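> Before anything else, here's the structure in question.
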Amino acid sequence: MNRITIHIGHYGSGKTELSLNLVRKLLKQGRKVILVDLDIVNPYFRSGEHKDELEKLGAKVIRPNFEGTNVDVPSLPPDVARAFIEKDAYVVFDVGGDPSGAKALGRYHEDIAEDDYIVKCVVNTARPFTKTPDEILEMVGNLEGSARIRVDMLVNNTNVAKDTTPEMIVESQEVVEKAAEMLNIKVGQIGAMPGIIEKLPESFYEKYKDIITPVELYMRKDWMD
């Protein structure tokens, strides 16, 4: 596993859920973990909201000094440097969901380039602007340009929270794979809630079982159900 995992993607893709799930998985393995919340645009559904909870579990959580802004140069704490200095830690970056947010990551592109990292672009085909391969291609290009970094893989995280069906994931995989082919990368992960994984068609599960990842919902608000 790479020391640094970077999750980028459009609003509603589920990149924050994936970041929180990965942090918890690494903590359970006894790893030293740093979560860097670089979502400087969206004031809601931020991984940084879980700072107190995750730090009780042993993680270090770094988040912006202010929220709900779209300025080009965000006020980020100097603690972000810890992600590159503490080489014994696994680092998870949760990056903002549009080009403005991705610019925050671009500030660190030289440090990232010198480290062991992977960039995962999270795709939810149930959301606007990422429903087709061409739309996914455009999103990736915009985010890469702003973040000054290349995407290494796509993550198919198609869902509508608790209304997700197995058929949605099966149908979306063809779309995401087509986009990955156009980008000359791979679909390296499929995210799905545990209750959905068990209902996937056997042939689909057997084909993709090595990349299917259970995703618990930590950001889902009670009032949304």
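The values are calculated or read from the model by the stated rules, or taken from the named source; none is laboratory data. The shown structure was predicted, so the numbers you read here are calculated from the model rather than taken from an experiment. Don't worry about glycine lacking a Cβ; one is built from the backbone with ideal geometry, like all the others, and counts go over all protein chains shown. Side chains included, ligands, DNA and RNA excluded: accessible areas come from the protein's heavy atoms. Shrake-Rupley method; radii C 1.70, N 1.55, O 1.52, S 1.80 Å.
> Counting other Cβ atoms within 10 Å, keep those with at most 15, restrict to DSSP loop, and tell me which trypsin sites (Lys or Arg not before Pro) in segment 161-225 are left.
Those satisfying the criteria are Lys199, Lys209, Arg220, Lys221.
> Using modelled backbone amide H atoms (1.01 Å from N, in-plane), which distant-in-sequence or interchain residues come within less than 5 Å of Ile212's amide H?
Here Ile190 satisfy the definition.
> Right, next: Please list, in chain and number order, the residues 5+ apart from Lys186 or on another chain whose amide H is under 5 Å from its amide H, with Hs placed from the backbone.
Result for Lys186 returns Leu154.
> List the GluC sites (Glu not before Pro) in segment 98-138 that DSSP assigns to loop (not H, G, I, E or B) and whose Cβ has at most 16 other Cβ atoms within 10 Å. Which are they?
Sparse-neighbourhood loop GluC sites (Glu not before Pro): Glu114.
> Additional query: With the full set of protein chains in place, find how many percent of the accessible area of the chain is carbon and sulfur; take the probe as 1.4 Å.
Accessible surface attributable to carbon and sulfur in the chain totals 48 percent.
> Quote the charge dipole size of the chain about the Cα centre in Debye, to the nearest 20; the model charges only the Cβ of Lys and Arg (+1) and of Asp and Glu (-1).
500 debye
> Sticking with this one: Taking the Cβ of Pro201 as the centre, find all other residues whose Cβ is under 15 Å away and add up their charges (Lys, Arg: +1; Asp, Glu: -1).
Combined, the nearby Lys, Arg, Asp and Glu give -3.
> Through the Karplus equation 6.51 cos²θ - 1.76 cosθ + 1.60, θ set to phi - 60°, convert the phi angles of segment 198-215 into ³J(HN,Hα) values in whole Hz; use x for Gly and Pro.
5, 9, 5, x, 4, 5, 5, 4, 4, 5, 10, 4, 6, 10, 6, 10, x, 10
> What number comes out for the charge environment of Thr130, summing +1 per Lys or Arg and -1 per Asp or Glu over other residues with Cβ under 13 Å away?
With Lys, Arg at +1 and Asp, Glu at -1, the net is 0.
> If you don't mind, another one. Output the relative contact order of segment 73-215, whole-number percent, from Cα pairs under 8 angstrom with separation of 6+ residues.
RCO, segment 73-215: 20 percent.
> Moving on to the next point. Pairs of Cα atoms under 8 Å, at least six residues apart: use those to get the relative contact order of segment 126-177, whole percent.
In percent, rounded to a whole number, it is 39.
> Which aspartates and glutamates have a Cα lying under 14 Å from the Cα of Lys60, excluding residues fewer than 8 positions away in the same chain?
Within the straight-line limit of under 14 Å, Lys60 reaches these aspartates and glutamates: Asp37, Glu49, Asp52, Asp79, Glu86, Asp88, Asp94.
> Please name which of Val61, His10, Ala179 has its Cα lying farthest along the dipole of the chain towards the positive end, using unit charges on Cβ (Lys, Arg +1; Asp, Glu -1) and the Cα centre as origin.
Projecting each Cα onto the dipole axis, the largest value belongs to Val61.
> Still on this model: Please work out which option in [x] 16.9; [y] 13.2; [z] 11.8 gives mean projected area of the Cα convex hull in nm² calculated from these coordinates, and answer with its label.
For mean projected area of the Cα convex hull in nm², the calculated option is [z].
> Let me ask something else. Quick one: accessible area per residue over the chain, 1.4 Å probe, rounded to a whole number of Å²?
Solvent-accessible surface per residue comes out at 48 Å².
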